[in-house]
Amino acid sequence: MKILLKMLVLPVALSLSVLTALFMFLFDICAFLLTIASVILAVLGIALFFVPSPLGGAVFLFLAFLLSPYGLQAAASSILWALDGGKSAFYRFLLS
């Protein structure tokens with residue numbers, strides 16, 4: 001019974017391994033681009049504080065935070081970490 005379950009888990013583990021590698025590659029590229037965009041938005045946000053209505057500066061700084069490594073990138077990183085942990089759990093089951 002356990003060998004049958006392992007035969008069913010093997011394709012899922014292999015596809016999860018390929019997806020994890022692909023998502024990590026895409027995450028690295030997107031993290032680089034989003035960090036550049038975050039720096040640009042932060043500079044524009046600071047510059048907008050010197051105009052008569054500084055609300056736009058606050059909005060730009062909030063968007064810069066979302067694009068920074070502490071915003072949406074951190075959430076995506078934790079999701080990738082959980083996906084990698086699931087892949088490792090499947091492989092540990094296959095080796096048991």
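The values are calculated or read from the model by the stated rules, or taken from the named source; none is laboratory data. Keep in mind the model is a prediction, meaning the values are calculated, not measured. As a convention, Cβ positions derive from the backbone with ideal geometry for all residues, glycine included, and neighbour counts pool all protein chains shown.
Residue by residue, here is whether (1) more than 30 Å from Leu4 (Cα to Cα); (2) at pLDDT below 95 holds:
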| site | (1), (2) |
| --- | --- |
| Ala42 | yes, no |
| Ala58 | yes, yes |
| Leu72 | yes, yes |
| Ala89 | no, yes |
| Leu95 | no, yes |
Can you say whether Gly71 is surrounded by 13 or more Cβ atoms within 10 Å (Cβ to Cβ), of a type outside the set (D, E, K, R) and in contact with a Phe, Trp or Tyr (Cβ under 8 Å, 6 or more places away or on another chain), as far as the supplied structure shows?
yes
Do we have Ala76 as loosely packed, with under 14 Cβ neighbours inside 10 Å and in a helix (DSSP H, G or I) here?
no
What residue, of Thr35, Thr20, is under 25 Å from Leu94 (Cα atoms), surrounded by 13 or more Cβ atoms within 10 Å (Cβ to Cβ) and of a type in the set (Val, Ile, Thr)?
Thr20
For the stretch 11-18, check the following and say yes or no: at least one residue is of a type in the set (A, V, I, L, M), assigned to a helix (DSSP H, G or I) and under 18 Å from the mean Cα position of the chain (by Cα).
yes
